[in-house]
Amino acid sequence: MEVTSSFKKKAGQLRLVAAQINLSVVKDGLSLEKALDGISTFSKRDAALLKALSYGAIRWHHRIQWQANRLLDRPLKNNDELISALIRVGLYQLQWMRIPDHAAVAETVSAAGLLGKPKFKGLVNAVLRRFLREQKILMSAMNKNEGAATSHSSWMRDRLKADWPDQWLDIVKVNNDPPPMWLRVNNKFSSRDDYLGRLEKSGIKAKAFDDLPNALLLKEPQPMSTLPGYDEGEVSVQDAGAQLACGFLNLEPGLKVLDACAAPGGKSAHILETCPEIGKLVALDQDKRRLTVMAEEFQRLDLSGNLIHSDAAMVSKWWDGVPFDRILVDAPCSALGIIRRHPDIKVLRRSADIGKFVAIQRRLLKALWPILAPGGRLVYSTCTIVKEENQYQKAWFLEKISMEKYQASSFRQILPGEGNMDGFYYAWVDKQH
Ligand SMILES: C[S@@+](CC[C@H](N)C(=O)[O-])C[C@H]1O[C@@H](n2cnc3c(N)ncnc32)[C@H](O)[C@@H]1O
(Lines give C-alpha, C1' and ligand atoms only; values in the text may rest on other atoms or scores of the structure.)
Protein backbone atom coordinates (compact mmCIF):
# COMPACT_ATOMS: atom_id res chain seq x y z
CA MET A 1 0.00 0.00 0.00
CA GLU A 2 2.78 2.40 0.97
CA VAL A 3 4.76 1.49 -2.15
CA THR A 4 1.70 2.20 -4.32
CA SER A 5 1.05 5.60 -2.81
CA SER A 6 4.68 6.70 -2.99
CA PHE A 7 4.81 5.42 -6.57
CA LYS A 8 1.68 7.45 -7.37
CA LYS A 9 3.17 10.52 -5.73
CA LYS A 10 6.34 10.20 -7.75
CA ALA A 11 4.37 9.69 -10.97
CA GLY A 12 2.39 12.83 -10.10
CA GLN A 13 5.57 14.80 -9.39
CA LEU A 14 6.99 13.84 -12.79
CA ARG A 15 3.79 15.03 -14.53
CA LEU A 16 4.04 18.30 -12.65
CA VAL A 17 7.65 18.77 -13.80
CA ALA A 18 6.51 17.96 -17.36
CA ALA A 19 3.80 20.65 -17.03
CA GLN A 20 6.40 23.16 -15.78
CA ILE A 21 8.63 22.36 -18.76
CA ASN A 22 5.65 22.72 -21.11
CA LEU A 23 4.81 26.10 -19.63
CA SER A 24 8.36 27.37 -19.87
CA VAL A 25 8.25 26.71 -23.63
CA VAL A 26 4.68 27.90 -24.28
CA LYS A 27 4.70 30.93 -21.96
CA ASP A 28 8.33 31.89 -21.37
CA GLY A 29 9.52 31.11 -24.89
CA LEU A 30 12.34 28.76 -23.86
CA SER A 31 13.51 26.14 -26.34
CA LEU A 32 12.77 22.53 -25.35
CA GLU A 33 16.51 21.95 -25.09
CA LYS A 34 16.87 24.79 -22.55
CA ALA A 35 13.68 23.88 -20.70
CA LEU A 36 14.95 20.31 -20.29
CA ASP A 37 18.37 21.46 -19.10
CA GLY A 38 17.88 20.23 -15.53
CA ILE A 39 16.56 16.73 -16.25
CA SER A 40 19.97 15.10 -15.87
CA THR A 41 19.34 15.23 -12.11
CA PHE A 42 16.56 12.62 -12.59
CA SER A 43 17.18 8.91 -13.03
CA LYS A 44 17.69 7.78 -16.64
CA ARG A 45 14.20 6.31 -16.77
CA ASP A 46 12.47 9.38 -15.34
CA ALA A 47 14.49 11.69 -17.59
CA ALA A 48 13.43 9.64 -20.63
CA LEU A 49 9.78 9.89 -19.56
CA LEU A 50 10.06 13.65 -19.02
CA LYS A 51 11.66 14.06 -22.42
CA ALA A 52 8.95 12.01 -24.11
CA LEU A 53 6.15 13.95 -22.36
CA SER A 54 7.76 17.31 -23.08
CA TYR A 55 8.59 16.73 -26.75
CA GLY A 56 5.26 15.00 -27.40
CA ALA A 57 3.05 17.66 -25.79
CA ILE A 58 4.87 20.41 -27.69
CA ARG A 59 4.80 18.46 -30.99
CA TRP A 60 1.00 18.25 -30.70
CA HIS A 61 0.52 21.57 -28.88
CA HIS A 62 -1.87 23.21 -31.33
CA ARG A 63 -4.11 20.17 -31.48
CA ILE A 64 -4.07 19.58 -27.72
CA GLN A 65 -4.77 23.24 -26.93
CA TRP A 66 -7.73 23.16 -29.29
CA GLN A 67 -9.04 20.05 -27.51
CA ALA A 68 -8.51 21.61 -24.08
CA ASN A 69 -10.42 24.73 -25.13
CA ARG A 70 -13.38 22.58 -26.13
CA LEU A 71 -13.26 20.44 -23.02
CA LEU A 72 -13.15 23.29 -20.52
CA ASP A 73 -16.51 24.85 -19.70
CA ARG A 74 -14.86 28.24 -19.43
CA PRO A 75 -11.30 29.41 -20.07
CA LEU A 76 -8.87 29.19 -17.17
CA LYS A 77 -7.54 32.38 -15.64
CA ASN A 78 -4.01 33.54 -16.38
CA ASN A 79 -2.75 32.44 -12.99
CA ASP A 80 -4.00 28.92 -13.67
CA GLU A 81 -1.48 28.48 -16.50
CA LEU A 82 0.26 25.58 -14.79
CA ILE A 83 -3.04 23.71 -14.61
CA SER A 84 -3.58 24.36 -18.34
CA ALA A 85 -0.13 22.92 -18.99
CA LEU A 86 -0.92 19.91 -16.82
CA ILE A 87 -4.13 19.30 -18.76
CA ARG A 88 -2.11 19.44 -22.01
CA VAL A 89 0.37 16.90 -20.65
CA GLY A 90 -2.54 14.70 -19.54
CA LEU A 91 -4.24 14.90 -22.94
CA TYR A 92 -0.95 14.04 -24.62
CA GLN A 93 -0.55 10.95 -22.47
CA LEU A 94 -4.08 9.76 -23.17
CA GLN A 95 -3.56 9.93 -26.93
CA TRP A 96 0.04 9.09 -27.65
CA MET A 97 1.56 7.16 -24.77
CA ARG A 98 1.21 3.54 -23.92
CA ILE A 99 -0.04 4.23 -20.42
CA PRO A 100 -3.47 2.77 -19.52
CA ASP A 101 -6.14 5.52 -19.50
CA HIS A 102 -7.01 5.11 -15.82
CA ALA A 103 -3.33 5.38 -14.81
CA ALA A 104 -2.75 8.44 -17.01
CA VAL A 105 -5.76 10.19 -15.47
CA ALA A 106 -4.81 9.20 -11.91
CA GLU A 107 -1.21 10.39 -12.32
CA THR A 108 -2.22 13.73 -13.78
CA VAL A 109 -4.86 14.26 -11.09
CA SER A 110 -2.27 13.38 -8.46
CA ALA A 111 0.03 16.04 -9.99
CA ALA A 112 -2.78 18.61 -9.66
CA GLY A 113 -3.14 17.58 -6.01
CA LEU A 114 0.46 18.61 -5.37
CA LEU A 115 -0.50 22.23 -6.08
CA GLY A 116 -2.44 22.34 -2.81
CA LYS A 117 -5.76 23.52 -4.26
CA PRO A 118 -8.37 20.71 -4.14
CA LYS A 119 -10.47 22.33 -6.89
CA PHE A 120 -7.65 21.73 -9.38
CA LYS A 121 -7.81 17.98 -8.80
CA GLY A 122 -11.50 17.95 -9.64
CA LEU A 123 -11.00 20.11 -12.70
CA VAL A 124 -8.20 17.98 -14.18
CA ASN A 125 -10.15 14.81 -13.43
CA ALA A 126 -13.29 16.21 -15.10
CA VAL A 127 -11.48 17.43 -18.25
CA LEU A 128 -9.54 14.21 -18.83
CA ARG A 129 -12.58 12.00 -18.20
CA ARG A 130 -14.69 14.15 -20.49
CA PHE A 131 -12.03 13.68 -23.16
CA LEU A 132 -12.29 9.90 -22.79
CA ARG A 133 -16.09 10.03 -23.01
CA GLU A 134 -16.32 12.46 -25.94
CA GLN A 135 -13.21 11.40 -27.83
CA LYS A 136 -15.06 10.28 -30.96
CA ILE A 137 -17.10 13.47 -31.37
CA LEU A 138 -14.03 15.55 -30.61
CA MET A 139 -11.95 13.77 -33.24
CA SER A 140 -14.52 14.24 -35.96
CA ALA A 141 -14.81 17.98 -35.12
CA MET A 142 -11.03 18.17 -35.07
CA ASN A 143 -10.71 16.80 -38.56
CA LYS A 144 -12.75 19.77 -39.79
CA ASN A 145 -10.45 22.23 -38.06
CA GLU A 146 -7.24 22.67 -40.06
CA GLY A 147 -5.18 24.05 -37.18
CA ALA A 148 -6.08 21.18 -34.87
CA ALA A 149 -5.89 18.51 -37.57
CA THR A 150 -2.41 19.57 -38.74
CA SER A 151 -1.24 20.86 -35.35
CA HIS A 152 0.40 23.89 -36.97
CA SER A 153 -0.27 27.58 -36.34
CA SER A 154 -2.18 29.54 -38.94
CA TRP A 155 0.71 31.74 -40.08
CA MET A 156 2.90 28.69 -40.57
CA ARG A 157 0.23 26.88 -42.57
CA ASP A 158 -0.26 29.97 -44.73
CA ARG A 159 3.46 30.24 -45.34
CA LEU A 160 3.79 26.57 -46.26
CA LYS A 161 0.73 26.73 -48.53
CA ALA A 162 2.08 29.80 -50.31
CA ASP A 163 5.53 28.31 -50.89
CA TRP A 164 4.58 24.64 -51.36
CA PRO A 165 0.92 24.48 -52.47
CA ASP A 166 1.17 20.88 -53.66
CA GLN A 167 3.41 19.57 -50.90
CA TRP A 168 2.33 21.42 -47.76
CA LEU A 169 0.07 18.68 -46.43
CA ASP A 170 2.86 16.10 -46.73
CA ILE A 171 5.23 18.55 -45.06
CA VAL A 172 3.01 19.10 -42.01
CA LYS A 173 2.53 15.35 -41.71
CA VAL A 174 6.29 14.74 -41.67
CA ASN A 175 6.76 17.64 -39.23
CA ASN A 176 4.61 15.75 -36.72
CA ASP A 177 6.61 12.52 -36.99
CA PRO A 178 9.41 11.69 -34.57
CA PRO A 179 12.76 12.23 -36.33
CA PRO A 180 14.97 9.43 -37.62
CA MET A 181 18.57 9.08 -36.45
CA TRP A 182 21.33 9.33 -39.05
CA LEU A 183 25.02 8.58 -38.52
CA ARG A 184 28.12 9.81 -40.30
CA VAL A 185 30.88 7.21 -40.33
CA ASN A 186 34.44 8.50 -40.04
CA ASN A 187 36.47 6.74 -42.73
CA LYS A 188 39.68 7.34 -40.80
CA PHE A 189 38.63 4.37 -38.65
CA SER A 190 36.47 2.17 -40.85
CA SER A 191 34.53 1.98 -44.06
CA ARG A 192 30.80 2.47 -43.85
CA ASP A 193 30.20 -1.21 -44.60
CA ASP A 194 32.57 -2.32 -41.82
CA TYR A 195 30.83 -0.01 -39.37
CA LEU A 196 27.44 -1.28 -40.49
CA GLY A 197 28.67 -4.81 -39.65
CA ARG A 198 29.78 -3.68 -36.20
CA LEU A 199 26.41 -2.06 -35.56
CA GLU A 200 24.67 -5.28 -36.54
CA LYS A 201 26.91 -7.26 -34.17
CA SER A 202 25.81 -4.89 -31.38
CA GLY A 203 22.19 -5.58 -32.25
CA ILE A 204 21.60 -2.17 -33.91
CA LYS A 205 19.85 -2.30 -37.28
CA ALA A 206 20.79 0.28 -39.90
CA LYS A 207 20.99 0.78 -43.63
CA ALA A 208 23.28 2.64 -45.99
CA PHE A 209 22.14 5.57 -48.13
CA ASP A 210 23.15 5.55 -51.79
CA ASP A 211 23.45 9.33 -52.21
CA LEU A 212 25.98 9.81 -49.42
CA PRO A 213 29.16 7.81 -48.89
CA ASN A 214 29.25 7.99 -45.09
CA ALA A 215 25.60 8.05 -44.09
CA LEU A 216 23.76 5.31 -42.20
CA LEU A 217 20.10 5.43 -41.22
CA LEU A 218 19.27 3.63 -37.97
CA LYS A 219 16.08 1.59 -37.86
CA GLU A 220 15.41 2.94 -34.35
CA PRO A 221 17.10 5.93 -32.66
CA GLN A 222 19.68 4.83 -30.07
CA PRO A 223 21.47 6.52 -27.18
CA MET A 224 24.83 7.69 -28.51
CA SER A 225 26.63 5.77 -25.78
CA THR A 226 25.49 2.48 -27.36
CA LEU A 227 27.13 3.26 -30.73
CA PRO A 228 30.41 1.34 -31.16
CA GLY A 229 33.43 3.66 -31.02
CA TYR A 230 31.36 6.79 -30.41
CA ASP A 231 33.63 8.14 -27.67
CA GLU A 232 36.66 7.48 -29.85
CA GLY A 233 35.23 9.58 -32.71
CA GLU A 234 34.48 6.72 -35.10
CA VAL A 235 30.98 7.98 -35.76
CA SER A 236 28.87 11.12 -35.37
CA VAL A 237 25.16 11.83 -35.34
CA GLN A 238 24.21 14.05 -38.29
CA ASP A 239 21.14 14.19 -40.50
CA ALA A 240 21.75 13.09 -44.10
CA GLY A 241 20.46 16.47 -45.33
CA ALA A 242 23.28 18.16 -43.40
CA GLN A 243 25.81 15.65 -44.79
CA LEU A 244 25.10 16.93 -48.31
CA ALA A 245 26.99 20.17 -47.63
CA CYS A 246 30.40 18.60 -48.08
CA GLY A 247 29.67 17.38 -51.61
CA PHE A 248 28.51 20.84 -52.71
CA LEU A 249 31.77 22.35 -51.45
CA ASN A 250 33.75 20.27 -53.95
CA LEU A 251 36.74 19.97 -51.61
CA GLU A 252 40.31 19.46 -52.80
CA PRO A 253 43.66 19.19 -51.00
CA GLY A 254 45.35 22.49 -50.26
CA LEU A 255 42.27 24.71 -50.32
CA LYS A 256 41.64 27.43 -47.77
CA VAL A 257 38.12 26.91 -46.45
CA LEU A 258 35.88 29.16 -44.34
CA ASP A 259 32.92 27.83 -42.36
CA ALA A 260 31.37 31.18 -41.45
CA CYS A 261 28.56 29.95 -39.16
CA ALA A 262 30.20 26.84 -37.86
CA ALA A 263 28.95 25.89 -34.40
CA PRO A 264 28.23 23.30 -33.10
CA GLY A 265 30.56 22.03 -35.81
CA GLY A 266 28.77 19.22 -37.64
CA LYS A 267 29.64 20.47 -41.12
CA SER A 268 33.17 21.61 -40.20
CA ALA A 269 33.90 18.15 -38.78
CA HIS A 270 32.54 16.52 -41.90
CA ILE A 271 34.74 18.79 -44.07
CA LEU A 272 37.88 17.71 -42.18
CA GLU A 273 36.88 14.03 -42.18
CA THR A 274 36.15 14.09 -45.91
CA CYS A 275 39.27 15.96 -46.98
CA PRO A 276 41.89 15.98 -44.20
CA GLU A 277 44.38 17.38 -46.75
CA ILE A 278 42.62 20.74 -47.15
CA GLY A 279 45.10 23.51 -46.54
CA LYS A 280 43.30 25.33 -43.76
CA LEU A 281 39.88 25.45 -42.15
CA VAL A 282 38.76 28.64 -40.46
CA ALA A 283 35.58 28.12 -38.42
CA LEU A 284 33.71 31.12 -37.06
CA ASP A 285 30.71 31.54 -34.85
CA GLN A 286 29.38 34.46 -32.89
CA ASP A 287 27.94 32.23 -30.14
CA LYS A 288 30.58 31.42 -27.54
CA ARG A 289 28.58 28.63 -25.87
CA ARG A 290 28.02 26.85 -29.16
CA LEU A 291 31.73 27.24 -30.02
CA THR A 292 32.62 25.54 -26.73
CA VAL A 293 30.41 22.59 -27.70
CA MET A 294 32.17 22.58 -31.07
CA ALA A 295 35.61 22.53 -29.44
CA GLU A 296 34.55 19.52 -27.32
CA GLU A 297 33.23 17.76 -30.41
CA PHE A 298 36.53 18.43 -32.23
CA GLN A 299 38.35 16.91 -29.27
CA ARG A 300 36.20 13.76 -29.42
CA LEU A 301 36.89 13.52 -33.15
CA ASP A 302 40.59 14.38 -32.76
CA LEU A 303 40.28 17.24 -35.26
CA SER A 304 41.91 20.61 -35.28
CA GLY A 305 40.71 23.76 -36.94
CA ASN A 306 41.04 27.44 -36.36
CA LEU A 307 37.94 28.17 -34.22
CA ILE A 308 37.24 31.89 -33.93
CA HIS A 309 34.60 33.62 -31.85
CA SER A 310 33.44 36.51 -34.03
CA ASP A 311 30.71 38.03 -36.10
CA ALA A 312 31.56 36.68 -39.54
CA ALA A 313 30.22 39.79 -41.24
CA MET A 314 32.78 41.98 -39.44
CA VAL A 315 35.52 40.76 -41.75
CA SER A 316 38.15 43.32 -40.72
CA LYS A 317 38.05 41.95 -37.17
CA TRP A 318 39.15 38.39 -37.97
CA TRP A 319 40.32 37.99 -41.61
CA ASP A 320 44.07 37.62 -42.36
CA GLY A 321 43.71 39.14 -45.84
CA VAL A 322 44.23 35.89 -47.81
CA PRO A 323 41.07 35.03 -49.81
CA PHE A 324 39.26 31.72 -49.28
CA ASP A 325 38.83 29.07 -51.97
CA ARG A 326 35.61 27.82 -50.41
CA ILE A 327 33.15 29.60 -48.16
CA LEU A 328 30.28 27.85 -46.44
CA VAL A 329 27.55 30.16 -45.12
CA ASP A 330 25.34 27.79 -43.10
CA ALA A 331 23.18 30.69 -42.14
CA PRO A 332 20.91 31.21 -39.13
CA CYS A 333 17.36 30.69 -40.41
CA SER A 334 13.75 30.03 -39.45
CA ALA A 335 14.55 26.29 -39.28
CA LEU A 336 11.20 25.21 -40.73
CA GLY A 337 12.94 22.21 -42.31
CA ILE A 338 13.80 20.60 -38.97
CA ILE A 339 10.51 20.84 -37.11
CA ARG A 340 10.24 17.10 -36.50
CA ARG A 341 13.61 17.31 -34.67
CA HIS A 342 12.75 20.57 -32.87
CA PRO A 343 8.94 20.68 -32.53
CA ASP A 344 9.22 23.77 -30.31
CA ILE A 345 9.81 25.74 -33.53
CA LYS A 346 6.07 25.36 -34.20
CA VAL A 347 5.32 27.09 -30.90
CA LEU A 348 8.16 29.61 -30.70
CA ARG A 349 8.67 30.88 -34.24
CA ARG A 350 6.75 33.99 -35.30
CA SER A 351 5.93 35.14 -38.81
CA ALA A 352 7.91 38.35 -38.22
CA ASP A 353 11.08 36.30 -37.57
CA ILE A 354 11.38 35.46 -41.29
CA GLY A 355 12.20 39.02 -42.30
CA LYS A 356 14.79 39.25 -39.51
CA PHE A 357 16.52 36.08 -40.72
CA VAL A 358 16.48 37.33 -44.32
CA ALA A 359 18.28 40.49 -43.20
CA ILE A 360 20.91 38.55 -41.20
CA GLN A 361 21.52 36.18 -44.13
CA ARG A 362 21.96 39.10 -46.56
CA ARG A 363 24.40 40.85 -44.26
CA LEU A 364 26.55 37.70 -44.09
CA LEU A 365 26.46 37.05 -47.85
CA LYS A 366 27.29 40.66 -48.67
CA ALA A 367 30.28 40.72 -46.31
CA LEU A 368 31.71 37.33 -47.29
CA TRP A 369 31.51 37.33 -51.12
CA PRO A 370 34.38 39.83 -51.47
CA ILE A 371 36.77 37.56 -49.54
CA LEU A 372 36.17 34.56 -51.84
CA ALA A 373 39.12 34.00 -54.22
CA PRO A 374 38.55 34.22 -58.00
CA GLY A 375 37.49 30.74 -59.16
CA GLY A 376 36.36 29.93 -55.61
CA ARG A 377 32.95 28.64 -54.53
CA LEU A 378 30.49 29.99 -52.00
CA VAL A 379 27.90 27.56 -50.64
CA TYR A 380 24.87 29.06 -48.93
CA SER A 381 22.75 26.69 -46.86
CA THR A 382 19.77 26.78 -44.53
CA CYS A 383 17.68 24.20 -42.72
CA THR A 384 14.48 25.91 -43.77
CA ILE A 385 12.01 25.56 -46.62
CA VAL A 386 10.85 29.19 -46.69
CA LYS A 387 11.48 30.53 -50.20
CA GLU A 388 12.19 34.06 -48.97
CA GLU A 389 15.25 32.68 -47.17
CA ASN A 390 16.22 30.29 -49.96
CA GLN A 391 15.22 30.61 -53.61
CA TYR A 392 14.46 34.36 -53.38
CA GLN A 393 17.61 34.93 -51.37
CA LYS A 394 19.69 33.28 -54.09
CA ALA A 395 18.03 35.44 -56.77
CA TRP A 396 18.77 38.56 -54.70
CA PHE A 397 22.39 37.47 -54.24
CA LEU A 398 23.00 36.85 -57.94
CA GLU A 399 21.39 40.13 -58.94
CA LYS A 400 22.66 42.49 -56.27
CA ILE A 401 25.85 41.00 -54.83
CA SER A 402 27.71 38.70 -57.19
CA MET A 403 26.27 40.43 -60.31
CA GLU A 404 28.25 39.50 -63.42
CA LYS A 405 31.15 38.19 -61.35
CA TYR A 406 29.97 34.60 -61.13
CA GLN A 407 30.45 31.84 -63.66
CA ALA A 408 28.13 29.09 -62.46
CA SER A 409 25.40 28.61 -59.91
CA SER A 410 22.84 26.04 -58.91
CA PHE A 411 20.75 24.91 -55.94
CA ARG A 412 18.98 22.02 -54.28
CA GLN A 413 15.94 22.17 -52.03
CA ILE A 414 15.21 19.14 -49.92
CA LEU A 415 11.76 19.07 -48.36
CA PRO A 416 11.37 17.39 -44.95
CA GLY A 417 10.98 13.65 -45.36
CA GLU A 418 12.56 13.45 -48.83
CA GLY A 419 14.80 10.38 -48.59
CA ASN A 420 13.98 10.53 -44.86
CA MET A 421 16.14 13.68 -44.60
CA ASP A 422 15.42 16.93 -42.81
CA GLY A 423 14.51 19.93 -44.96
CA PHE A 424 17.60 21.74 -46.24
CA TYR A 425 18.43 24.26 -48.93
CA TYR A 426 21.78 24.57 -50.70
CA ALA A 427 22.83 27.14 -53.30
CA TRP A 428 26.34 27.41 -54.66
CA VAL A 429 27.94 30.13 -56.71
CA ASP A 430 31.34 29.94 -58.42
CA LYS A 431 33.23 33.22 -58.74
CA GLN A 432 34.79 34.12 -62.08
CA HIS A 433 38.53 33.63 -62.46
C1 LIG B 1 22.61 26.73 -38.67
S2 LIG B 1 23.66 27.08 -37.35
C3 LIG B 1 25.16 26.40 -37.90
C4 LIG B 1 25.26 24.90 -37.79
C5 LIG B 1 26.65 24.37 -38.11
N6 LIG B 1 27.11 24.82 -39.40
C7 LIG B 1 26.73 22.87 -38.06
O8 LIG B 1 26.68 22.22 -39.09
O9 LIG B 1 26.83 22.33 -36.94
C10 LIG B 1 23.94 28.78 -37.57
C11 LIG B 1 25.03 29.35 -36.68
O12 LIG B 1 25.29 30.68 -37.11
C13 LIG B 1 25.77 31.40 -35.99
N14 LIG B 1 25.72 32.84 -36.36
C15 LIG B 1 24.64 33.64 -36.47
N16 LIG B 1 25.00 34.87 -36.88
C17 LIG B 1 26.35 34.84 -37.04
C18 LIG B 1 27.31 35.81 -37.44
N19 LIG B 1 26.97 37.05 -37.76
N20 LIG B 1 28.61 35.43 -37.47
C21 LIG B 1 28.98 34.17 -37.13
N22 LIG B 1 28.11 33.23 -36.75
C23 LIG B 1 26.81 33.55 -36.71
C24 LIG B 1 24.85 30.95 -34.88
O25 LIG B 1 25.44 31.20 -33.63
C26 LIG B 1 24.71 29.46 -35.20
O27 LIG B 1 25.63 28.72 -34.47
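Structure above, values below:
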| quantity | calculated |
| --- | --- |
| Cross-link pairs beyond the 27 Å C-alpha cut-off, checked among Lys173/Lys201; Lys207/Lys346; Lys144/Lys346; Lys267/Lys288 | Lys173/Lys201; Lys207/Lys346 |
| Structure-based [θ]222 nm, the chain - -39500 (n - 2.57) summed over DSSP H runs of at least 4, per residue, nearest 500 | -15000 deg cm²/dmol |
| Whichever aspartates and glutamates have a C-alpha closer than 15 Å to that of Lys188, once near sequence neighbours (fewer than 8 apart) are set aside | Asp231, Glu232, Glu234, Glu273, Glu277, Asp302 |
| Cα shape, the chain, gyration tensor, a/c 1.5 rule | prolate |
| Ordering of 289-297, 134-142, 364-372, 180-188 by burial proxy (mean other Cβ atoms within 10 Å per residue, highest first) | 180-188, 364-372, 289-297, 134-142 |
| About the Cα centre, charge dipole magnitude for the range 309-433 (Lys/Arg +1, Asp/Glu -1 at Cβ), debye | 240 |
| The chain, dipole about Cα centre (Lys/Arg Cβ +1, Asp/Glu Cβ -1), debye to the nearest 20 | 1900 |
| Part-to-part distance (alpha-carbon centres) for the range 202-250 and the range 53-87, which is given in Å | 37 |
| Percent carbon-and-sulfur accessible area, the range 2-151, ignoring ligands, DNA and RNA, probe 1.4 Å | 52 |
| Average accessible surface area per residue within the chain, 1.4 Å rolling probe, Å² | 47 |
| Surface share of carbon and sulfur [accessible, 1.4 angstrom probe, percent] for the range 240-431 | 53 |
| Listed residues Ala148, Leu216, Ser190: farthest to the positive end of the dipole of the range 129-233 (Cβ charges) | Ala148 |
| Simple spin-label estimate for Arg412 and Ser225 in nanometres, 7 Å along Cα-Cβ | 3.6 |
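The values are calculated or read from the model by the stated rules, or taken from the named source; none is laboratory data. Computed from a prediction, not measured in an experiment: that's the story for all the values here. Heads up, the Cβs are rebuilt from the backbone with ideal geometry, glycines too, and the neighbour counts pull from every protein chain shown. When the accessible area is computed, the model is the full protein with side chains, heavy atoms only, and any ligands, DNA or RNA have been set aside. Shrake-Rupley method; radii C 1.70, N 1.55, O 1.52, S 1.80 Å.
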